[in-house]
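Working notes, beginning with the structure itself.
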Amino acid sequence: MQQFLTLAGRRCAVVNLDPANDPSGYTPAVDISELVSLEAVQEELGLGPNGGLVYCMDYLERNLDWLREQLAPLEAEGAYLLFDLPGQVELFTLHGSLRRIVDLLSRKWRYRLAVVQLVDAHLCSDPAKYLSALLLSLSTMLHLEMPQVNVLSKMDLIEQYGELAFSLDFYLQAQGLGHLAEAMEGSFPPKFRRMTEELCEVIEDFGLLSFHPLAIEDRDSVRALVALIDKANGYVFAGLARQGQPPPELQYSAGVGQDTSDLWEAMEEKYLRGKDPVPDVREWQQQGERQGAAAAAAAAAGRPAAAAERPAAEQQQREAAG
C-alpha cells in the first residue's frame, strides 16, 4: 500500500505500532520498538506473546507524549500516515487501550482516521470460518466506533483450501446469511443450528458489514480500495471545506460513490475461474509516475490535480471512442 500511494504521488509514512512486527519489507517513519520491546517485556515479566502485546499497548497509552513527538514532524510535512497495528483479536474487540489511543488520535489530535481490517479470503471456503470472520469484523466496528473498511485480502488464494459454496458477491455483500447455516449442516450437532441462524440474523440486523476484495498485485483492486479508504477517512474531501457551509462530507458524499460490480466480476473471473493474468507491475508504476507528474503540474499552475488529469482522461476516452 505504501508503494502504491508513493507511486501515486502522495507523501506517505508508515507508523509501526505493532511490537511483534518485523518491518523488513519497509522502513517505518515511527517504530514502537524504540519505545518498548516485546521480547524484553516477555522476558522480564514472564508473559506470553498475547499478554506481552497487551502490556505494550498499555505502555504506549501511558507514554502518548512519545507518540505525539514522533508524529509532529510528519504532520508538519503533510504526510499521509499508515498505522500498522497488532493483529491480536483482543486488542480490537475487548481491551480498552487501543480504543482509547485511536479515540485520542481522532478526537483530540484531530486525525482523520479509518480502520482497515484485513480478513484472509480463503476463510470463505469454510462457512463456519467465514461466519467467525463476520463476527470478528462486526465486533471490531462496534468496539472501535470508527469508520471501517473490511477487506477480503489474498484473493488470489481464495480457493486454495477448497471451492466456495456460494458466488463471490455473497461473501462480499454479507447478505442472505441464513444460507450459511444450511451450508454448515452436518458439521456440528443439530442443536447448534438455531444458534447459528440467530448469529446470522444479528449480523444482518446491524447492516454494517460488507467486504472489498483485494489482491495486492492487482492494481485495479488496490486502486478501488484506496478510493474507498479516502472516502471513509475524508481524504477525498480535502480542500472542499468552506466557512459557514455544512461539512463537505454531508454535501458531496452521495456523489463520490463507485460501482464495484465490474471489479467483483473481474476478480471472480480471474481468481475463481482462472482467467486473465495479473497486470504487469511496470504498467502500474508508469501510471503512478503519470499521476505524480500531473499533480506536480497542477500544483505549479495553482489548480487541483483532478483538473490537470481530466483533459488527459477525456482525450483517452475520445481516442477509445474513435
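Is segment 70-215 rounded, prolate or oblate when judged by the Cα gyration tensor, a ≥ b ≥ c being the square roots of its eigenvalues, rounded requiring a/c under 1.5 and prolate requiring a/b larger than b/c? Walk me through the numbers on the way to the answer.
Values: a/c = 2.73, a/b = 1.89, b/c = 1.45.
Here segment 70-215 falls in the prolate category.
Quick one: Karplus J couplings for segment 196-202, per residue in order, coefficients 6.51, -1.76, 1.60, θ = phi - 60°, nearest Hz, x for Gly and Pro?
Values, residue by residue: 4, 4, 5, 5, 4, 5, 4 Hz.
Taking the simple approach of a point 7 Å from Cα along Cα-to-Cβ for both Ala183 and Glu34, what is their distance in nm?
Roughly 4.5 nm, to one decimal.
Given a 1.4 Å probe and every protein chain left where it sits, what share in percent of the accessible area of segment 51-127 is carbon and sulfur?
49
Can you tell me, using C-alpha contacts under 8 Å and at least 6 residues apart, the relative contact order of segment 58-189 as a whole percent?
On the way: 102 pairs, mean separation 32.4, N = 132.
In percent, rounded to a whole number, it is 25.
How would Ile229, Ile216 line up by accessible area, probe 1.4 Å, largest first? Kindly include the intermediate steps, with their values, before the conclusion.
On the way: Ile229 20, Ile216 95 Å².
The most accessible residue leads, giving Ile216, Ile229.
Using protein chains only and a probe of 1.4 angstrom, how many square angstrom of His122 are accessible, to the nearest 10?
Probe radius 1.4 Å; accessible area of His122 about 40 Å².
Quick one: which residues, 5 or more positions from Cys12 or on another chain, have an amide H under 5 Å from its amide H? H modelled 1.01 Å from N in the peptide plane, none for Pro or chain starts.
Hits under the 5 Å cutoff: Tyr80.
At 1.4 Å probe radius, can you tell me the per residue accessible area of segment 135-191 in Å²? List each step's numbers first, then the result.
Values: 2800 Å² over 57 residues.
Result: 49 Å² of accessible area for each residue.
Using +1 on the beta carbon of Lys and Arg, -1 on that of Asp and Glu, and nothing else charged, what's the dipole of segment 1-126 about the Cα centre, debye to 20?
Here segment 1-126 has a charge dipole of around 800 debye.
If I stretch the segment between Glu197 and Gln3 completely, what's the gain in nm (0.36 nm per residue apart, minus their alpha carbon distance), one decimal? Present the calculation step by step, with values, prior to reporting the outcome.
Numbers: separation 194, 0.36 × 194 = 69.84 nm, distance 4.21 nm.
Separation in residues times 0.36 nm, less the Cα-Cα distance, equals 65.6 nm.
Sorted by average packing, counted as other Cβ atoms within 10 angstrom per residue and highest first, what order do 179-192, 151-164 take?
Peptide ranking by packing, descending: 151-164, 179-192.
Once label points are set 7 Å from the Cα along Cα→Cβ at both Gln175 and Val226, what is their separation, rounded to one decimal in nm?
Result: 3.0 nm between the two label points.
Under 5 Å between amide hydrogens, which residues at least 5 positions from Asp120 or on another chain qualify, with H placed 1.01 Å from N in the peptide plane?
Ser153
Could you look at segment 177-242 and say what percent of its accessible area is carbon and sulfur, using a 1.4 Å probe and all protein chains?
55
How would you order 131-140, 62-71 from highest to lowest mean count of nearby Cβ atoms within 10 Å?
Values: 131-140: 18.7, 62-71: 14.2.
Those peptides, ordered most packed to least, come out 131-140, 62-71.
Distance between the C-alpha centers of segment 123-170 and segment 75-93? Whole Å please.
21
Counting only residues 5 or more places away or on other chains, whose amide H sits under 5 Å from the amide H of Tyr26 once H atoms are built in the peptide plane?
Residues meeting the criterion, in which the H sits 1.01 Å from N, do not exist here.
Percent antiparallel among DSSP beta bridges with both residues in segment 71-217, to the nearest 5? Please report the intermediate quantities before stating the final value.
Working: 0 of 8 bridges.
Bridges in segment 71-217 that DSSP calls antiparallel: roughly 0 percent.
Could you work out how far the C-alpha centroid of segment 9-52 sits from that of segment 214-238, in angstrom?
Segment 9-52 and segment 214-238 have Cα centres spaced 26 Å from each other.
The values are calculated or read from the model by the stated rules, or taken from the named source; none is laboratory data. Remember, predicted model here, so these are calculated numbers, not experimental data. Using ideal geometry, Cβ is built from the backbone for each residue, glycine included, and neighbour counts are taken over all protein chains shown. Only protein heavy atoms, including side chains, enter the accessible area calculation; ligands, DNA and RNA are left aside. Shrake-Rupley method; radii C 1.70, N 1.55, O 1.52, S 1.80 Å.
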